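Beneath this line is the structure, given in structure tokens, with notes to follow.
A short reminder: the numbers here are calculations on the coordinates, not readings from a lab. If you're wondering where the values come from, they're calculated on a predicted model, not measured in any experiment. In this analysis, Cβ positions are derived from the backbone assuming ideal geometry, glycine residues included, and neighbour counts consider all displayed protein chains.
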Amino acid sequence: MKPALIVHGGAWDIPDEAVDACKSGCRRALAAGWSILSKGGNALEAIEAAVMVLEDDPVFDAGYGSHLNRDGRVECDAIVMNGATLRAGAASTLQRVKNPILVARAILEKCPHMMLVGEGAERFAREQGIALCDPEELISDAGQEAWLRCRNDKHAAEHHRGHEQGTVGAVAIDREGNLFAATSTGGTCCKLPGRVGDSPLIGCGCYADSEAGGVSCTGYGEAIMKIVMAKTAVDLLRESAICMATGAGEPCGVSSGQLAAREAVHLLAKRTHATGGLILLDCHGHPGFAFNTPRMAYGYVALDGNLVTAV
Ligand code: ASP
């Protein structure tokens, strides 16, 4: 089958000055993943490569340059899920790992459990040959400045202007039809130490089922958890492509992926009054995305092979 790839760099009030950086980060992530998929490579390798690019880019809230917690430390969460086996690998509250997606993958492939947190997750990572870093190495200047402004005043979104990042994620299907989805985040700024959001939770921040599709979410984690948004979107993908606007059961020219994405975000707003977004691929590789924030950074590989990015 034709491979497919979609990525995101978070749904927030991305300021004008960060738009170009978000687009170019998504483009580089797509290029990294697509260079693997287009040569017949594996979807897991592709999303790992794409997510690592996003984690390494301080414009996004994952890996280096993540938001700091109330104590001024970076605490990262990540998950990757295999749509064929429904097995996930998830890690949470990592403080000493540059690329949390590597730990999630190691848990997926080599751990009897599906989720490890904190010190135990870091110990497992080290045992699997993943180097641990000094926690300070994850802190960018912009992240530190934003945190200091919040500490000296009170936590407020405007203190993060210019450093208004978001969670990252990717979904890929390879030529063999393997479907994987992944999400990686530094969580919300000034969060309490030990806070776990939706991102690493199976069904909340990420879900993949080869029979329907794969999803990665972003936004206010405490709300996304309430509607188990990634699994909800995958379940919506199972429903036929009926135009929800007419309700008449007539095809409306909008893909079922796009309808499922919109409906899941609509449910988030309706039931929790919160904001967020998601990306998805249906099991045929058709992309879908939706958000109710002012902006979301995302990109996908179009049918003609062009890399499409938008903020
Ligand atoms: N969903 C993430 C969290 O709550 C934040 C984000 O998507 O930006 O940890």
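The figures follow:
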item: Environment charge of V171, counting only residues whose C-beta is closer than 13 Å and scoring Lys/Arg +1, Asp/Glu -1; result: -4
item: Relative contact order of the chain, pairs being alpha-carbon contacts under 8 Å that are 6 or more residues apart, as %; result: 25 percent
item: Cα-Cα separations in the chain greater than 26 Å, expressed as whole percent; result: 38 percent
item: Highest-fluctuation residue, H159, H273, H67 considered, GNM on the chain with Cα pairs under 10 Å; result: H273
item: Summed residue charge, Cβ within 11 Å of V215's Cβ, Lys/Arg positive, Asp/Glu negative; result: -2
item: Local net charge near W34, Cβ-Cβ under 13 Å (Lys/Arg +1, Asp/Glu -1); result: +2
item: Beta bridge orientation in region 1-117: antiparallel %, DSSP, nearest 5; result: 60 percent
item: For region 1-124: rounded, prolate or oblate by the Cα gyration tensor [a/c cutoff 1.5]; result: oblate
item: Estimated dipole of region 98-138 in Debye, rounded to 20 [Cβ of Lys and Arg +1, of Asp and Glu -1, Cα centre]; result: 240 debye
item: Choice from G288, G129, G118 showing the highest fluctuation, given a GNM over the chain with Cα pairs closer than 10 Å; result: G129
item: Linear extension gain, A269 paired with Q128, 0.36 nm per residue minus alpha-carbon span; result: 46.7 nm
item: Subset of K110/K231; K2/K98; K39/K191; K98/K270 violating a 30 Å alpha-carbon distance limit; result: K2/K98; K39/K191; K98/K270
item: Taking the convex hull of Cα positions in region 56-127, its mean projected area over all directions (nm²); result: 5.0 nm²
item: Extension gain, E137 back to E45 (0.36 nm per residue minus Cα-Cα distance, nm); result: 30.6 nm
item: Among C217, C22, C111, residue whose mean-square fluctuation peaks in a GNM of the chain (springs only between Cα atoms under 10 Å); result: C111
item: Fraction of antiparallel bridges per DSSP, region 42-196 only, in percent to nearest 5; result: 85 percent
item: DSSP bridge pairs, the chain: antiparallel proportion in percent, nearest 5; result: 90 percent
item: For region 248-307: rounded, prolate or oblate by the Cα gyration tensor [a/c cutoff 1.5]; result: oblate
item: Net length gained if the chain between N292 and D16 were fully extended (0.36 nm per residue, minus Cα distance); result: 97.6 nm
